[in-house]
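Coordinate-derived values only; no laboratory data. From a predicted model like this one, the values you see are computed outputs, not experimental measurements. Here Cβ is always computed from backbone atoms with ideal geometry, including for glycine, and neighbour counts include all displayed protein chains.
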Amino acid sequence: MIPAGRPIHGRIRPPGSKSITNRALVCAALAHGTSSLTGALDSDDTRVMIESLSRLGIRVESRDEGKALVVHGCGGRVPAKQADLFVGNSGTTIRFLTALCALGDGTYRLDGVERMRQRPIGDLLAALNEVGADCHGESRARFPTVIVKGCGLRGGQVSIRGDTSSQFFSGLLMAAPLAQGSVHIDVQGELVSGPYVAMTWRIMEAFGAQLNPGSKFTTCDIPAPQSYQSRTYAIEPDASAASYFWAAAAITGGEVTVEGLAIPSLQGDVWFVDLLERMGCRATQTDSGITVSGPAVHGIDIDMNSISDTVQTLAAVALFAEGPTTIRGVGHIRHKETDRIGDLARELRKFGATVDELPDGLKIFPPASLTRSVSEGRWSPIEIETYNDHRMAMSLALPSLVLPGITILNPGCTAKTYPGFFEDLSRLVAGG
């Protein structure tokens, strides 16, 4: 990126939400009839989901460059008796499809890249086995590759840990209505990323399933057997992707409107704007979207458990604020595409920041004025390692809006969720 040289002003509409797209694909795949999904995301994560559904015998037609998907539901009966599924590094895909395959009648193998084999899935396997599934790690008990011997779910009472990944809970939830008997879920420990479970609930309801969640999803009762019903479903723009553009306004002192999002939203990450307001920005909502006006002035101390996918974005903003920023409640992000605490701290230090790793987050002490360092000739070019993590690439590209000489290594990793990110950011910088 070439520094903008001025505050950024503009409007943008990010692509559809990856989280909503993959959840809607699962519900539509299990439904009776044919569903139409509009505003969908076309990215690596959604492509591996669609390819895996195809291998399971569930046809998905892609139209309008992947923004429209037609899903021919299987009515709760997985057609394939055997399938070998490759999920790349898509956590939603392997976790959701492990639960879906448990509903089948056959043997299914789910594998991914080497990093996926390091990401835990044992809590989901144990929970599915409690309600009648037969699934296990092929080489290591609690990690992919996963083998599922589909025999349906009988139902009953099940406990699942909430402090590793909300995707375990979401995968179990989406399969539960198709069990032979009702399912009662108890969540053990603090539920991380709770808004994503609420998102799953709302999407399930949209496709006709009924469930009765307890307070803050500490428990959930799912009557069964039920069935999903086909429908036309509109997918919101991705709020996690929106965070990068709101952050661009905060860093440059500009004003950016993200179109198509509102508060409330299905996506908890829309509350990233509240964090920017606490840092001194101004956020306003209109009929067309949400506008953030910068700059971010001071650091904050904040628990980001519920919106942990935006930790790296806030860290980029913190480099330009006055005083430290402390991020708490996100210990689970060490198990994402990369260690999003340790590796993030390592890259932030390249900007001259002092970063303390905490048990559940990190504390960022920004360097003395970065822009002054540039003007006084004290700034040296740096290379940012992305660790093949799409969010590392997108978040740590933002300082390049005001700092020269920043090289993002492996920028193509953004294809996981946002293939056109750098083109969209450049268009916003250019005012187009």
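Which whole-Hz ³J(HN,Hα) couplings does the range 298-307 yield from phi under the Karplus relation 6.51 cos²θ - 1.76 cosθ + 1.60, θ = phi - 60°, glycine and proline marked x?
These are the phi-based 3J(HN,Hα) values: 9, x, 9, 10, 9, 8, 10, 3, 7, 10 Hz.
How high is the relative contact order of the range 281-432, in percent, counting Cα pairs under 8 Å that sit 6 or more residues apart? Walk me through the numbers on the way to the answer.
On the way: 228 pairs, mean separation 26.4, N = 152.
For the range 281-432, the relative contact order is 17 percent.
Each label point is 7 Å from the Cα along the Cα-to-Cβ direction; what then is the distance between the points at GLU205 and ILE382, in nm?
4.4
By DSSP, what percent of the beta bridges with both residues in the chain are antiparallel, rounded to the nearest 5?
Antiparallel: roughly 60 percent of the beta bridges in the chain.
According to the Cα gyration tensor, what semi-axes, each the square root of 5 times an eigenvalue, does the equivalent ellipsoid of the range 285-432 have, listed from largest to smallest in whole Å? The partial results should precede the final answer.
Working: eigenvalues 89, 80, 63 Å².
Semi-axes, largest first: 21, 20, 18 Å.
Please compute the length gained on full extension between ASP84 and LYS67, using 0.36 nm multiplied by the number of residues separating them and subtracting their Cα-Cα distance.
Fully extending the segment from ASP84 to LYS67 adds 3.5 nm.
So how do SER293, SER35 line up by other beta-carbon neighbours within 10 Å, fewest first?
Numbers: SER293 20, SER35 24.
Ordered from fewest to most neighbouring Cβ atoms within 10 Å, SER293, SER35 come out as SER293, SER35.
Tally the DSSP beta bridges in the range 18-217 and give the antiparallel ones as a percent, rounded to 5.
60
Please give the length that would be gained between ARG282 and ARG55 if that part of the chain were fully extended, namely 0.36 nm times their separation in residues minus their C-alpha to C-alpha distance (nm, one decimal).
So the chain would gain 77.0 nm between ARG282 and ARG55.
Multiply the residue separation of THR354 and HIS335 by 0.36 nm, subtract the distance between their alpha-carbon atoms, and state the gained length in nm to one decimal.
Contour length minus the Cα-Cα distance gives 4.5 nm.
How would PHE217, PHE320 line up from fewest to most surrounding beta-carbon atoms within 10 angstrom?
Fewest-to-most ranking of PHE217, PHE320: PHE217, PHE320.
Once you place label points 7 Å from the Cα toward the Cβ at ARG372 and SER182, how far apart are they in nm?
With each label placed 7 Å out from Cα toward Cβ, I get 6.5 nm.
Of TRP201, TRP379, how do they rank once you tally other Cβ atoms within 10 Å and put the fewest first?
If I rank by nearby Cβ atoms, fewest first, I get TRP379, TRP201.
If a paramagnetic tag sat 7 Å from the Cα of GLU190 along the Cα-Cβ line, which residues of the range 313-345 would have the backbone N under 14 Å from that point?
327-334
When the Cα centres of the range 207-269 and the range 297-362 are compared, how far apart do they sit, in Å?
23
Let me see the P(r) profile for the range 18-217: every Cα-Cα distance counted, bins of 5 Å, each bin given as a percent of all pairs.
The percentages, shortest bin first, are 1, 8, 18, 22, 23, 17, 9, 2, 0.
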